Amino acid sequence: MSAPAQSHTPAPGHDPSTAVSGAVLAGTGVALGAFGAHALKASLSADLLQVFETGVRYQMYHAVALLALSALPAYRDGWRRAPKLLLAGTLVFSLSLYVLALSGVKVLGAVTPIGGVLMLAGWVQVILDLRRRAP
């Protein structure tokens with residue numbers, strides 16, 4: 001006899017989007033880090049490998065940040081601006097570095113600061129959100 005199916009709906013007032021995004025970034029960050037350390041080490045110059053590793057590092061920083069934010073009450077009841085900005089910034093920043101490292105097309109480096117600005121805007125929004133919630 002099989003066990004009854006469990007519901008995978010989030011608890012009332014809880015939206016797991018921030019946590020899921022953080023977990024996806026972390027998982028893909030681990031995979032990309034391993035790919036860089038093993039598959040790319042022999043094929044990329046030291047400079048381009050460092051560019052790739054920078055993308056992985058910032059992806060992992062922001063994966064952990066999204067997981068931490070998902071535990072805060074301010075971010076449990078749905079997407080807020082800060083997690084969206086952090087996710088978008090991480091994707092633009094890290095993806096542009098991955099493509100730059102793999103293609104060697106230097107003009108892609110001009111896109112990377114856009115991701116950095118989005119990440120900074122996300123952190124400013126986190127500060128504003130936390131100040132707003134402070135007693």
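The values are calculated or read from the model by the stated rules, or taken from the named source; none is laboratory data. Note that the structure is predicted; figures quoted are calculated from it, not measured. Positions of Cβ are backbone-derived with ideal geometry, glycine not excepted, and every protein chain shown enters the neighbour counts.
Observations on the model:
- Screening Ala42 against (1) among the small types (Gly, Ala, Ser); (2) farther than 18 Å from Met119 by Cα; (3) not in a loop (DSSP other than H, G, I, E, B) leaves a single unmet condition, (3).
- Any hit, the stretch 103-118, residues being surrounded by fewer than 16 Cβ atoms within 10 Å (Cβ to Cβ), farther than 22 Å from Leu32 by Cα and either of a type in the set (Lys, Arg) or touching a residue at least 12 places away in the same chain (Cβ under 8 Å) (or both): yes
- Only listed residue being at pLDDT below 95, more than 18 Å from the chain's Cα centre (by Cα), part of a helix (DSSP H, G or I) and loosely packed, with under 15 Cβ neighbours inside 10 Å, chosen from Ala11, Ala68, Ala74: Ala74
- Near pairs, Cβ below 8 angstrom, 6+ apart or cross-chain, from the stretch 78-92 (among the polar types (S, T, N, Q)) to any residue that is assigned to a helix (DSSP H, G or I) and at pLDDT 95 or above: Thr90/Leu25; Thr90/Tyr58; Thr90/Gln59; Thr90/His62; Thr90/Ala63; Thr90/Gly115; Thr90/Met119
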